[in-house]
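Below is one structure, written out as structure tokens; the observations come after it.
The values are calculated or read from the model by the stated rules, or taken from the named source; none is laboratory data. Predicted, not measured: the structure shown is a model, and the values here were computed from it. Cβ placement follows ideal geometry from the backbone for every residue including glycine, while neighbour counts extend to all protein chains displayed. When the accessible area is computed, the model is the full protein with side chains, heavy atoms only, and any ligands, DNA or RNA have been set aside. Shrake-Rupley method; radii C 1.70, N 1.55, O 1.52, S 1.80 Å.
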Amino acid sequence: MHAIFMVTDERLSDIAAVQAKRIAQQWDCDVHVFVERRDPGIALREVRQDDRITYHYEELGHLLPEGLPEDRKWPKIVYLRLFAPSVLPHYDRLLYLDVDILSLRAEPAIWDVDLPAGLGAVSDIATLERAPYDIKALTRDEWLATIGVTSGRYLNSGVLLIDTARWAQYDFAQVLLEYFRRFPDAVRFDQDFLAHLFDGRWTELSPRMNYQACVLELGLMGAVGPVFVHFCRTHKPWHGDTSGWRAPTDPRYTELYRQMLMAEGLDPAAHLRPSTVNALRRCRYGLRAWMRRRFGLVTARERRDMRHWQDRSRAFERFMRDGLASGRFADETRATMENRLSPPVFDGRFAVAAESRLPE
């Protein structure tokens, strides 16, 4: 037996609910939504799908040991994905998804992937060749050493394929505290911990199982064929249309989330965020785009961003092709990937692929 689970608080419970229904319909499997409310008295809307969706309230928080580090970006709730399998022992396999992940289609073969160490995950694409953007003083190898990773492999914890029997062998409350005692510089808390605990042993899945935001605008959606799209950037599709101002995310994702919320009687406006980009900057972006279309004027900003787009695109495409050719991705049957078809365009602020990225 297998199931998919998510962990959230009341702030994103609506997003988790509509995603749970989408997953239950696509994957035809049980979906568990763990909600840890800051105020247990808050009533939340539940979305149902043929008894496939189960909600759990305040069922995990008491399992966390005292003294775990947290911050605004990585609150303590991120650790709870480690403990959820302990209350779902009747499943052989579990697939954990962050709430900011959109399921595009089902991939039943994922349940049969061999997990010798008990964990399957996708590499963190943003750190394939460098340390994280906020760690500027260290090389990638130096950064990995500070978090206890010696294999050179670093995962993204947004999608985790878990063998529940092997997972149960770990006393996570104890090993978490020991980890942060030894590696106090770890700041991507549960993700750094998992990369260390399963260092070099986790089964690598293809980026199609966790297609991360940093590659959304690179024009490889059709070639990779994502199963899950992970909006792991500050601005999410349900925050409102961010194209041209805040993030290079296809605005049709925003419309999709709006439709999913409205279909369940939920208010999309409750999740909108006002733009933090002031009017002067918006005018500047718009003027660049207009001058490019009207006169073909190429600014220094456009040249820089197009070069950066090309560099990132080549690096990711090389990673994909090497992984397919070597058989490194345990979920893939392909040995090659189709050629790129879409060049970039500049919208005044971002370089983005000209292709239509969201599958119809």
Inset, instruction - With the checklist (1) without any contact (Cβ under 8 Å) to a residue 24 or more places away in the chain; (2) within 20 Å of L12 (Cα to Cα); (3) surrounded by fewer than 18 Cβ atoms within 10 Å (Cβ to Cβ) in hand, flag the one item Y55 doesn't pass. - result: (3)
Legend entry - region 84-97 residues that are more than 11 Å from L160 (Cα to Cα), paired with ones that are modelled with pLDDT under 95 (beta carbon under 6 Å, 6 or more apart): Y91/M1; D92/M1
Inset, instruction - Please state which one of D241, D185 is open to solvent by 40 Å² or more (accessible area, probe 1.4 Å), closer than 24 Å to A354 by Cβ, without any contact (Cβ under 8 Å) to a residue 40 or more places away in the chain and not in a helix (DSSP H, G or I). - result: D241
Inset, instruction - Check region 340-357 and report whether any residue there is modelled with pLDDT under 95 and open to solvent by 90 Å² or more (accessible area, probe 1.4 Å). - result: yes
Inset, instruction - Please report, ordered by residue number, the strands (runs of 3 or more DSSP E) entirely within region 57-158 with at least 3 residues that are under 23 Å from Q19 (Cα atoms) and touching a His at 6+ places or on another chain (Cβ under 8 Å). - result: 93-97
Legend entry - R208 being surrounded by fewer than 17 Cβ atoms within 10 Å (Cβ to Cβ) and among the charged types (D, E, K, R): no
Legend entry - Residue count, region 288-302 (criterion: of a type outside the set (D, E, K, R), under 28 Å from T234 (Cα atoms) and open to solvent by less than 90 Å² (accessible area, probe 1.4 Å)): 3
Inset, instruction - Output the qualifying pairs, or none if there are none: Cβ atoms under 6 angstrom, residues six or more apart or on different chains, first residue in region 285-309 and without any contact (Cβ under 8 Å) to a residue 40 or more places away in the chain, second residue in a loop (DSSP other than H, G, I, E, B) and open to solvent by 40 Å² or more (accessible area, probe 1.4 Å). - result: M291/L297
Legend entry - Selection status of S123, polar (S, T, N, Q) and either within 19 Å of the chain's Cα centre (by Cα) or open to solvent by less than 10 Å² (accessible area, probe 1.4 Å) (or both): yes
Legend entry - Cβ pairs under 8 Å, 6+ apart, first in region 221-238 and open to solvent by less than 40 Å² (accessible area, probe 1.4 Å), second assigned to a loop (DSSP other than H, G, I, E, B) and aromatic (F, W, Y): P237/F231
Inset, instruction - Identify all residues within region 304-339 that are open to solvent by 60 Å² or more (accessible area, probe 1.4 Å), farther than 30 Å from E107 by Cα and either in contact with a helix residue (DSSP H, G or I) (Cβ under 8 Å, 6 or more places away or on another chain) or of a type in the set (D, E) (or both); write none if there are none. - result: D311
Inset, instruction - Out of L80, L44, report the one residue that is open to solvent by less than 60 Å² (accessible area, probe 1.4 Å), of a type in the set (A, V, I, L, M) and either under 23 Å from L197 (Cβ atoms) or free of Cβ contacts under 8 Å to residues at least 24 places away in the same chain (or both). - result: L80
Inset, instruction - Pick out the one residue from L68, L63 that is surrounded by fewer than 16 Cβ atoms within 10 Å (Cβ to Cβ), of a type outside the set (D, E, K, R), at negative phi and touching a residue at least 40 places away in the same chain (Cβ under 8 Å). - result: L63
Inset, instruction - For region 300-352, name all the residues that are polar (S, T, N, Q) and not in a helix (DSSP H, G or I). - result: T333, T336, N339, S342
